[in-house]
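Peer 1: Below you will find the structure I want to go over with you.
The values are calculated or read from the model by the stated rules, or taken from the named source; none is laboratory data. Here the structure is a predicted model, which means the values were calculated and not measured. Here the Cβ positions follow ideal geometry from the backbone for every residue, glycine too, while neighbour counts run over all protein chains shown. For the accessible areas, the whole protein counts, side chains as well, though only heavy atoms, and no ligand, DNA or RNA atoms are used. Shrake-Rupley method; radii C 1.70, N 1.55, O 1.52, S 1.80 Å.
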Amino acid sequence: MATRTGPRLADIEAARQRLEGVARVTPVYSSETLSQLTGRRVWLKAENLQRTGSFKIRGAFNKISTVARRDGGAGVVAASAGNHGQAVAWAAREVGVSATVFVPQDAPMAKVEAARNYGAEVVMDGARFEDALDAAHEFEDETVIAGQGTLGLELADQLPDVETVVVPVGGGGLCSGIALALKAVRPEVRVVGVQAAACLPGGSGFTIADGIWVKTPGELTMGILEQTADALEAVSDEEISRAIVLLLERAKLVVEGAGAVGVAALLAGRIRGDGPVAILLSGGNIDATLLIEVMRHGLTTASRYLVLRTRIPDRPGELIKLLQLIAQERVNVLSVEHHREGMAISIAETEVELTLATRDAEHCAALLAAVEAWGYPVERLR
């Protein structure tokens, strides 16, 4: 059997022609916020605005349309953490063939329902992506990689002065395709892949970046990356969470965990250089419940939420007295909890836990100092 080396530039260019009028040429936005934070010009390639909400339709349509011409109306089978399943379902519908998609049991329901709505039969099997992959059949496909590589050609056209391109890495097909394309047409451009640290050896094995929830890239894609990628970095879920919040609040872009790893790596100082950098936002299909959790956590770590515990006399009027004092500090009270039972407090006291909306870390510190000055014991919980 011949050794596979990945698609050639001609294959990627052919995929680009095949995708014309099918995949959107997604916009590139400059980010003043990220540029100021990092001291270099930053561009965001908004593939989260692609059809089905991620880059995956590029490879899926390129593969399915090629197979359909060769094999007639044969159906397709895919294993996916969500985005690929949606893309396969959508592409199969466009080409006119059936699709069956295996997904992990804990896959985000937004992605599962979207694949069903595009007409695929969805089978939930296994606890994570590798288990679902075993339920279908594992392969690394050069035609799929070529489809993903069309993003590299787009970036080369859209950003002639870019120095570094940062790409998420899960199975490795996206980064491999982009790296092959860029090294063929713009060999001076650095390509940096970013993985979720939780998926690497020694990691927790769980990540909010479900789209790249893969232990290691595939054999073919890893071989390509070893030859074409200039660096591979990793980011924590905490860093990913901060990136999601910043992109939503400042760039007005909804981005899933996998799509935010490049911004996370940039903010963490892991992208070498000071020249113009392009960050690929690979997808925007984040589950609504996860987005709420991430936003709450991100706002808390940014000192936009403050949770404190104090004690007040257990008699009428004492709670409103405390809340009025807090209101004078221009703080919004989000929730109030009383704790009387099971607490190590005196019989004449009640414990109060407050969740407050604050401006920043300085505002939090000023409020905590004020509560102490008013004569209340105070403990910051978050």
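Peer 1: Can you list residues from other chains, or at least 5 along the same chain, whose modelled amide H is less than 5 Å from the amide H of T350?
Peer 2: It is I312, D314, by chain and number.
Peer 1: Specify the angular offset, from 0 to 90 degrees and rounded to the nearest 10, of the alpha carbon long axis of helix 219-228 from the longest principal axis of the alpha carbons in the chain.
Peer 2: Approximately 90 degrees, to the nearest ten.
Peer 1: Between E121 and Q227, what is the spin-label point distance in nm, taking each point 7 Å from the Cα along the Cα→C-beta axis?
Peer 2: 3.8
Peer 1: Here is a follow-up. Report, in whole Å, the centroid distance computed from the Cα atoms of segment 187-252 and segment 337-365.
Peer 2: 39
Peer 1: In addition: Within segment 360-378, whose backbone N sits under 20 Å from a point 7 Å along Cα→Cβ of A344?
Peer 2: Hits in segment 360-378 for A344 at 20 Å: 376-378.
Peer 1: Based only on Cα atoms, what Rg/Rh ratio does segment 219-268 have, Rh being taken as Kirkwood's radius? Can you show the working numbers first?
Peer 2: On the way: Rg = 13.1 Å, Rh = 11.9 Å.
That ratio is 1.10, to two decimals.
Peer 1: Right, another one. How large is log10 I(q)/I(0) at q = 0.16, 0.23, 0.24 Å⁻¹ when the Debye formula is applied to the Cα atoms of segment 270-324, each weighted equally and without solvent?
Peer 2: At q = 0.16, 0.23, 0.24 Å⁻¹ the computed log10 ratios are -0.81, -0.98, -0.98.
Peer 1: Comparing R296, R41, R250, which has the greatest mean-square fluctuation in the GNM of the chain with Cα pairs linked when under 10 Å apart?
Peer 2: In the Gaussian network model the winner is R250.
Peer 1: Can you give the angle from 0 to 90° between the axis of helix 9-19 and the longest principal axis of the chain, with both taken from C-alpha atoms, to the nearest 10?
Peer 2: 70
Peer 1: Let me cross-check K56: its accessible surface, 1.4 Å probe, with only protein heavy atoms counted, in Å² to the nearest 10?
Peer 2: 50
Peer 1: How much area per residue is accessible in segment 213-324 when the probe is 1.4 Å and only protein heavy atoms are counted (Å²)?
Peer 2: Result: 43 Å² of accessible area for each residue.
Peer 1: Still on this model: What share of all Cα pairs of the chain, in percent, falls into each consecutive 10 Å distance bin?
Peer 2: In order of increasing distance, the bins hold 5, 22, 28, 19, 12, 9, 5, 1, 0 percent.
Peer 1: Could you give the semi-axes, largest first, of the ellipsoid that matches segment 286-382, computed as the square roots of 5 times the alpha carbon gyration tensor eigenvalues and rounded to whole Å?
Peer 2: On the way: eigenvalues 130, 55, 25 Å².
The three semi-axes for segment 286-382 are 25, 17, 11 Å.
Peer 1: Find how much the distance from D274 to T33 grows on full extension, using 0.36 nm per residue of separation minus their present alpha carbon separation; answer in nm with one decimal. Please list the in-between numbers first.
Peer 2: Details: separation 241, 0.36 × 241 = 86.76 nm, distance 1.56 nm.
Between D274 and T33, full extension yields 85.2 nm more.
Peer 1: I've got another one for you. Tilt of helix 83-95 relative to the longest C-alpha principal axis of the chain, in degrees (0 to 90, nearest 10)?
Peer 2: Approximately 40 degrees, to the nearest ten.
Peer 1: Another question, if that's okay. Give me the one-decimal Kirkwood hydrodynamic radius in Å for segment 172-329, with the sum taken over alpha-carbon pairs. Please list the in-between numbers first.
Peer 2: Working: mean 1/r = 0.0556 Å⁻¹.
Roughly 18.0 Å, rounded to one decimal.
Peer 1: Something else now. With θ set to phi - 60° and the Karplus curve 6.51 cos²θ - 1.76 cosθ + 1.60, what are the ³J(HN,Hα) couplings of segment 375-381 in order, to the nearest whole Hz, using x for Gly and Pro?
Peer 2: Calculated HN-Hα couplings, in order: x, 9, x, 9, 10, 7, 9 Hz.
Peer 1: Most fluctuating residue of E372, E94, E140 in a GNM of the chain with Cα springs under 10 Å: which is it?
Peer 2: E372
Peer 1: Between V333 and M109, how many nm apart are label points set 7 Å from Cα along the C-beta direction?
Peer 2: Output for this residue pair reads 3.4 nm.
Peer 1: If you don't mind, another one. Among the aspartates and glutamates, select those whose C-alpha is under 16 Å from the C-alpha of K252, and discard any that sit fewer than 8 residues away in the same chain.
Peer 2: E32, E47
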